[in-house]
Amino acid sequence: QVQLVESGGGLVQAGGSLRLSCAASGSTFSINAFGWYRQAPGKQRELVATISSDGITRYAASVKGRFTISRDNANNTVYLQMNSLKPEDTAVYYCKYSSWTKEYWGQGTQVTVSS
């Protein structure tokens, strides 16, 4: 089993920055991927960014150029640096850890961006 603990959410003004963290513990795997997803009220959960075990990153068009996903393999931790935040970024952000056969989800952290 893998446990994910998220942190870093909060309330910021438009144009501000936040850094989300997600630490994985337990039975981790060499071949894996981290992802960040978000869900706003009344909307579907959507992919924000992913990073593979070899460092390949992908971003949703809405956040590309503003958000950066990175990972610390020594600590099995993934980060999401969010800059130039907009009110439409307001959502609950979820960390996902994927092994070859299973997916694990964090508890979610609220990000609220005021105008």
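The values are calculated or read from the model by the stated rules, or taken from the named source; none is laboratory data. Fair warning: this is a prediction, and the values are worked out from it, not measured in the lab. Glycine also receives a Cβ, built like all others from the backbone with ideal geometry; neighbour counts cover every protein chain displayed. Heavy atoms of the whole protein, side chains included, go into the accessibility calculation; ligands, DNA and RNA do not. Shrake-Rupley method; radii C 1.70, N 1.55, O 1.52, S 1.80 Å.
Please specify each residue of the stretch 61-91 satisfying the condition of being in a strand (DSSP E or B) and either without any contact (Cβ under 8 Å) to a residue 60 or more places away in the chain or over 22 Å from VAL12 (Cβ atoms) (or both).
LYS64, PHE67, THR68, ILE69, SER70, ARG71, ASP72, THR77, VAL78, ALA91, listed by residue number.
List the number of the failed condition for LYS96; all other conditions in (1) closer than 24 Å to SER27 by Cβ; (2) free of Cβ contacts under 8 Å to residues at least 12 places away in the same chain hold.
Of everything listed in (1) closer than 24 Å to SER27 by Cβ; (2) free of Cβ contacts under 8 Å to residues at least 12 places away in the same chain, LYS96 misses just condition (2).
Please tell me if GLN13 is open to solvent by 90 Å² or more (accessible area, probe 1.4 Å), out of contact with any Asp or Glu (no Cβ under 9 Å at 6 or more places or on another chain) and modelled with pLDDT under 95. Give the steps one after another, and end with the answer.
On the way: open to solvent by 90 Å² or more (accessible area, probe 1.4 Å): yes; out of contact with any Asp or Glu (no Cβ under 9 Å at 6 or more places or on another chain): yes; modelled with pLDDT under 95: no.
When the stated conditions are applied, GLN13 does not pass them.
May I ask you to list the residues in the stretch 38-60 that are assigned to a strand (DSSP E or B) and among the aliphatic types (A, V, I, L, M)?
Listed by number, the residues that qualify are LEU47, VAL48, ALA49, ILE51.
Considering only the stretch 66-115, state which residues are out of contact with any strand residue (DSSP E or B) (no Cβ under 8 Å at 6 or more places or on another chain) and on the phi > 0 side of the Ramachandran plot.
SER84
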